[in-house]
Amino acid sequence: MNTVEFLFVLLVCALAAFVGYQVQLSSKKPELSTRVIRDMVAEKELVEHSKEFQKKEIRKVSDNIYMGIGYALGNAIMVIAPDGLIIVDVTESSMAAKEILAEFRKITQKPIKAIIYTHHHTDHIGGVGGFIEDPSNLPDIWAHEQLPLEIRKFHTTAYGAKFKRSMRQFGVFVTKDKFQNAGIGIQLNYGKAKDSMGFILPNKLLEEMELDTNIAGLDVRLMKIPGETSDQIGLWVPSYKAFMCADDIYRAFPNIYTIRGAPARDPVAWYTSLQRMLDLKPEYLVPSHTQPIIGKENVQKVLEVYRDGIQFVHDQAIRFINKGYSPDDVVKHVIMPDKLRLHSHLREFYGTVPWSVKGVFQLYLGWFSGDPVDLFPLSNSDKASRIVALAGGVSEVLSAAIKAWNDNDIQWALELASYVLVVDDRNAEARKLKVDCLTLLGMRNINAIASNYYITSALETSGALHLEIDDKHRAEIIQALGARELFELVTTMYKYEECGGRSDVVVFEITDKKELYTIQLRNFVAIMRADIRPEQYDLRVSTTEQAVKTMMAERIVNVRLRDLKDFKLEGSEEKFRSFMACFESDWNK
């Protein structure tokens, strides 16, 4: 689909949402054949929230601290030290990072002595290339000791699903007339032709809970501050009375659980980290998203309410969990008091209380609600077909869905339309109704990521958007990973239904890294072992790490092995290709 066709489809979808449509259903209920017209008007408070970061600016926090905000989803922070600069976080985009650095260079020409990754999320590390002025003389790059492991887990565990859900959550493909913001930033930079995401491994790892050290002539304290992630660190500069607090606080309720997909975050660790910040009594609080907080009294008040808001949700969730309630029933009972709920830093622009409550439930009790009905429930498709049959067929369910729409019961209309589409995927009226429900729920929601997720899903449902990791982004991810991570990823792509009866053993010798990896097919799994040389094997590959990356980036079925530099195969090429065909060609297919 070319650009013109894509825009035309979006226009058709938008018009359908505004003008309504006529349907002819059952003669028994002709009054249900008319859809009411509903205006798709953006939630006003969410629109207003965009002012927090919609303008590109270099914000002066103090004489020695500046922040680049509005250039990307994440901020980049410059700390001016006596002998050079400390850069805290680098955004997700090399293009944005270069823009920010160009503005920083109007303030000072001091060399960049250190870069600090506050945690492993892409919007904090992906733009590092934009801050590297001399690739032959890299600055020190600091990170939590667990950051390399977290990066490996993020990109090798359910990455295809997380990619699609992230694109929905951050509204990357939502059209400008529908998109408001991403809750903690204006938008995730993704997919621009001249842009790139990259990563350089840290060479300085924080192993202690706190480390007092000197960077570029400035006494600082690096602190582990688990919250949004377990590998998060903050920077305390005592002489500046400033704390760089990463993602432990921003002007929005936090994601104790994120709908893009991740284990629930530990609220106790989170509010404990906030308490440690409070005890420092900073006068400047500089987050990696949204605007800084300036003034000792202001910082104390915000830290207190943020800390207490997280503890409230945790403690009250536990209170009602212990009464034996299911997750959805716990949600109904945990209602934030207005003093917390209406505070400017606890508005639900990013996380929500209901998602957080469910996250707490999952953190302590896992997936099982406690109701025996949920032990072996029907699949969604099975349930949908039975509900449609019970209601009297597709026409009856669609009639009920339209009635729900007309009654402004949009969630129920969405669920009923979805049931119809499970049974009859080609039902155009149900598809139109589902698109409208998703769009309306998105426009009405104060939560940015819920809004973006709804509207992106509407585009997907209409057929206007098909989410995939494009080849450019895929290649960037592969280049950022090492051979071990790539082989770990391969095992989760094993097509056991096609190759479950095989028992191949293939050895990969990575000559430039002096590493050895074996993949063995056995009992319907692909087993990867490192540094184990089997006595017997079927195939042996001697190659470089870059050749492995090239092979994966171009997908093995498209690669001429004889054209790969530094690639030697001991055994049959046909058998090697047959072995590689046992694995998915991509992790999001």
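The values are calculated or read from the model by the stated rules, or taken from the named source; none is laboratory data. Please read all numbers here as calculations on a predicted model, not as lab measurements. A quick note on method: Cβ atoms are made from the backbone with ideal geometry, for glycine too, and the neighbour counts reach across all protein chains shown. For accessibility, only protein heavy atoms count, side chains too; no ligands or nucleic acids. Shrake-Rupley method; radii C 1.70, N 1.55, O 1.52, S 1.80 Å.
Residues are listed down the side, and each one gets a yes or a no for (1) closer than 25 Å to residue 363 by Cβ; (2) at pLDDT below 95; (3) buried (at least 22 other Cβ atoms within 10 Å of the Cβ):
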| residue | (1), (2), (3) |
| --- | --- |
| 277 | yes, no, yes |
| 282 | no, no, yes |
| 298 | no, no, no |
| 304 | yes, no, no |
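Being crowded, with 21+ Cβ neighbours inside 10 Å and among the acidic types (Asp, Glu) is the filter here; which residues of the range 105-145 pass it?
123
Pairs under 8 Å by beta carbon, first residue open to solvent by less than 90 Å² (accessible area, probe 1.4 Å) in the range 370-382, partner assigned to a loop (DSSP other than H, G, I, E, B), six or more apart or different chains?
So the pair list comes out as 370/324; 370/326; 371/326; 374/368; 375/368.
Anything in the range 325-344 that is of a type in the set (Val, Ile, Thr) and not in a loop (DSSP other than H, G, I, E, B)? List them, or say none.
Step one: filter the range 325-344 for residues of a type in the set (Val, Ile, Thr), giving 330-331, 334-335.
Answer for the range 325-344, where residues must be of a type in the set (Val, Ile, Thr) and not in a loop (DSSP other than H, G, I, E, B): 330, 331.
Among the listed residues 484, 533, 474, which satisfies the condition of being surrounded by fewer than 17 Cβ atoms within 10 Å (Cβ to Cβ) and either of a type in the set (Lys, Arg) or out of contact with any helix residue (DSSP H, G or I) (no Cβ under 6 Å at 6 or more places or on another chain) (or both)?
Values: 484 fails: surrounded by fewer than 17 Cβ atoms within 10 Å (Cβ to Cβ); 474 fails: surrounded by fewer than 17 Cβ atoms within 10 Å (Cβ to Cβ).
One residue alone meets the criteria, 533.
Could you tell me whether residue 297 is under 15 Å from residue 248 (Cα atoms) and of a type in the set (D, E, K, R)?
no
Can you name every residue in the range 316-342 that is exposed (fewer than 14 other Cβ atoms within 10 Å of the Cβ), within 15 Å of residue 362 (Cα to Cα) and either under 26 Å from the mean Cα position of the chain (by Cα) or without any contact (Cβ under 8 Å) to a residue 40 or more places away in the chain (or both)?
319, 322, 328
Consider the range 70-104. How many of its residues are closer than 22 Å to residue 223 by Cβ, open to solvent by 10 Å² or more (accessible area, probe 1.4 Å) and without any contact (Cβ under 8 Å) to a residue 60 or more places away in the chain?
1
Of all the residues that make up the range 408-467, how many are charged (D, E, K, R), open to solvent by 10 Å² or more (accessible area, probe 1.4 Å) and under 27 Å from residue 352 (Cα atoms)?
Applying the first criterion (charged (D, E, K, R)) to the range 408-467 yields 409, 415, 424-426, 429, 431-432, 434, 436, 444, 460.
Still in the running and open to solvent by 10 Å² or more (accessible area, probe 1.4 Å): 409, 415, 424-426, 429, 431-432, 434, 444, 460.
Still in the running and under 27 Å from residue 352 (Cα atoms): 409, 415, 434, 444, 460.
Residues flagged as charged (D, E, K, R), open to solvent by 10 Å² or more (accessible area, probe 1.4 Å) and under 27 Å from residue 352 (Cα atoms) within the range 408-467 amount to 5.
What are the residues in the range 39-69 that are surrounded by fewer than 21 Cβ atoms within 10 Å (Cβ to Cβ), over 24 Å from residue 349 (Cβ atoms) and free of Cβ contacts under 8 Å to residues at least 60 places away in the same chain, if any?
Correct list: 60, 63.
Looking at (1) open to solvent by 60 Å² or more (accessible area, probe 1.4 Å); (2) touching a helix residue (DSSP H, G or I) at 6+ places or on another chain (Cβ under 7 Å); (3) free of Cβ contacts under 8 Å to residues at least 12 places away in the same chain, which is the one condition that is false for residue 391?
All conditions are met except number (1).
Strands (runs of 3 or more DSSP E) wholly in the range 138-249 with at least 2 residues that are in contact with a His (Cβ under 8 Å, 6 or more places away or on another chain), free of Cβ contacts under 8 Å to residues at least 60 places away in the same chain and among the aliphatic types (A, V, I, L, M) - which ones? Don't jump to the end; show me each part of the working.
On the way: elements: 140-144, 204-206, 210-215, 218-224, 233-237, 242-246.
By residue number, no strands (runs of 3 or more DSSP E) qualify.
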